[in-house]
């Protein structure tokens, strides 16, 4: 009999972290004390709240430490709002990991440009861990991060730690400056235009709202980065994560099994289509 | 592969049902219900639609009597075989909830063993389309695979094409294009009889249990004549449709179709290859148990593409485009074949009679006007 990939496995919440007003992180460990499957940066799990539903959520932890399963998400729908109210010690269901991943190897020897918008930083954090774990094998490493307001900067302590490093350039911009913000204001594509990387030897990883990824990729291409060296991560409705439910189709692609990470050159013609 | 064959008399047809029952198979086949020929469990030969045929047109379906007592003298039954392989609703699992978590208590129910009696060429091809979706691409759905492995397929030769049929242009019929256990040809001559031909070892074993007489050239000639007749079809999908639709995604004609489309989803429900499903979660009133069911879904619903903030495909045009381009174009990218087998059900069951072949022809005409062939 074929293994039933639709059956969730119970995981216990070991820690809940409130990251932002609507964003939280769950740290999970399996109820059955069995091993946690390894994951690649950019992959996702289906998280299930009994009786409520199941949603695809990217893994936001360190791929070198898969036993600490970490997800960061916004409370925006019925399931994520139900998750928001869960406490340490309670269980949720986990299926996965699923999908394609950020190809770390593709950037070896290149400058690395990581472009994140809002919660898009969460699926990119495992990639940042993976790149920093072998930092010497890459050229410059830039993190360009756009948030709505200074209060919406995700993983702010970690972002500050990254900014303090000499082997990493971190640039943050906000759509709307509030409080004492004295940093960049404007869309993240402005940070791309500023450069600071060798476009002909750059691999870029982009994650954020679809329209942001489209314009970020265009800005990178305008700068001289080859479309084939740009990777982005798509989001669609998913009910199964294994290509059966049909919900995540994007043209000929199933975002769940062919993505969520796609090469820009392969999907550039689909990005401008509205309602697709 | 066996070449076993023989003739079963109309009067001995119950022997076929008995032999299937002896193998523990529930027989599913065509029967008249609620004014239509549907596929349902059959108790015996009397449940078959003797002396009935269907008349189909865009947005219309009627039963008409025929005077020859034919049992398979109709075209596509309502719905296809998909509901028996990919059930409209099926439990994925049951969980017992506890104060701080849950345990899975039951998975999906065990698959039944069924004999599919009267699978037409288009529908036989449709089953292979579903195989590609649910088996090894790269994942395998145990619910589908369990039912598929247990299915005993008795295909039927199409004696005539209905006005909605276009299998001949879809490489899916009218001759049988995919493996079956037994092929049945109904011969309506002075002696009403059936030519049975085995397509598998299991099929040959079944034939060995039946009171058959040897088939003659006259019988196989009758079969070939029927297939030739059924190839005479009035509808066809224009060549090049897959590639053409793929580059006309932003064409204004989608809006023209959408102006007629009700987004009701009938086409997706009646299509023998539409496989999309959603999940439904429920819990008991006391919260002690939770269940998750898989339920057919349609890309015509707004919920289908909903992600936080709204639906990706808000307009009717975008949803019709999703359905038609998936069926005729992007299915090729996904599975290497068309998702359409030319059964014509989506035309018949569309309440406003939208004709997928006509729409494809409109795109071809617009495209030809836009890109005239250079002299």
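Throughout, read-outs are computed from the coordinates displayed, never taken from laboratory work. For clarity, every value in this text was computed on a predicted model and none was experimentally measured. Using ideal geometry, Cβ is built from the backbone for each residue, glycine included, and neighbour counts are taken over all protein chains shown.
Which value in nm describes the separation of the simple spin-label points at residue B:366 and residue A:156, placed 7 Å from the Cα toward the beta carbon?
Label-label distance for residue B:366 and residue A:156, simple model: 5.1 nm.
Extent of region B:204-243 along each principal axis, from alpha carbon coordinates, in Å, largest to smallest?
For region B:204-243, the Cα extents along the three principal axes come out at 49, 23, 12 Å.
Hey, in the GNM for chain A with a 10 angstrom Cα cutoff, which one of A:86, A:142, A:232 fluctuates hardest?
Comparing A:86, A:142, A:232 in the GNM, the peak value goes to A:86.
Take every Cα pair under 8 Å in chain B that's 6+ residues apart, average their separations, divide by the length, and report that relative contact order as a whole percent.
Relative contact order here is 22 percent.
Distance in nm between label sites at residue A:201 and residue A:265, each 7 Å beyond Cα in the beta-carbon direction?
1.9 nm
When each pair of different Cα atoms in the protein assembly as shown is counted once in the 1/r mean, what is the Kirkwood radius in angstroms, to one decimal?
27.4 Å
How many angstrom lie between the Cα centre of region B:1-71 and the Cα centre of region A:54-77?
Using only Cα atoms to place each centre, the spacing works out to 53 Å.
Could you give the length gained on full extension between residue A:211 and residue A:273, defined as 0.36 nm per residue of separation minus the Cα-Cα distance, in nm?
That pair, residue A:211 and residue A:273, stretches by 21.2 nm at full extension.
If R₀ is 51 angstrom, what is the calculated FRET efficiency for the pair residue A:29 and residue A:178, using the beta carbon separation as r and rounding to 0.05?
In this case the efficiency is close to 0.85.
In what order do B:185, A:228, A:72 fall by count of nearby beta-carbon atoms within 10 Å, going from fewest to most?
A:228, A:72, B:185
From the helices alone, meaning DSSP H stretches of at least four residues, give me the mean residue ellipticity at 222 nm for the protein assembly as shown, per-run term -39500 (n - 2.57), in deg cm²/dmol to the nearest 500.
Only helices count here, giving -7000 deg cm²/dmol.
Sort out for me the Cα centre separation of region B:298-312 from region A:172-239, rounded to whole Å.
One Cα centre to the other: 26 Å.
So what's the convex hull volume per residue for the Cα atoms of region B:1-94, in Å³?
181 Å³
Give the relative contact order (percent, whole number) for chain A; include only Cα pairs under 8 Å separated by 6+ residues.
17 percent
Could you please state, rounded to a whole Å, how far the C-alpha centre of region B:351-368 is from the C-alpha centre of region B:210-244?
Using only Cα atoms, the two centres lie 26 Å from each other.
Looking only at other chains, what is the average number of their beta-carbon atoms within 10 angstrom of each beta-carbon in A:246-259?
5
Return, for the Cα atoms of chain B, the radius of gyration and Dmax in Å, separated by a comma.
Cα only, chain B: 22.3, 76 Å (Rg, Dmax).
What average count of beta carbons from other chains do you get within 10 Å of the Cβ of residues in A:267-276?
Mean partner-chain Cβ count within 10 Å for A:267-276: 4.
What relative contact order, as a whole-number percentage, does region A:88-176 give when Cα pairs under 8 Å and 6 or more residues apart are counted?
Across region A:88-176, relative contact order equals 29 percent.
With springs connecting C-alpha atoms under 10 Å apart, model chain A as a Gaussian network and identify which of A:223, A:157, A:239 has the largest mean-square fluctuation.
A:157
Springs between alpha-carbon pairs under 10 angstrom, Gaussian network model over chain A: which of A:218, A:32, A:198 fluctuates most?
It is A:32.
I need the calculated FRET efficiency for the pair residue B:64 and residue B:303, taking r as the beta carbon distance and R₀ as 45 Å, to the nearest 0.05.
Computed FRET efficiency for residue B:64 and residue B:303: 0.70.
When Cβ neighbours within 10 Å are restricted to other protein chains, what is their mean count per residue of peptide B:131-144?
For peptide B:131-144, the averaged partner shielding equals 4.
At a Förster distance of 60 Å, what's the computed FRET efficiency of residue B:100 paired with residue B:190, Cβ-Cβ distance as r, to 0.05?
0.20
Report, for the protein assembly as shown, the % of DSSP beta bridges that are antiparallel, rounded to 5.
Among the beta bridges of the protein assembly as shown, antiparallel pairing accounts for roughly 70 percent.
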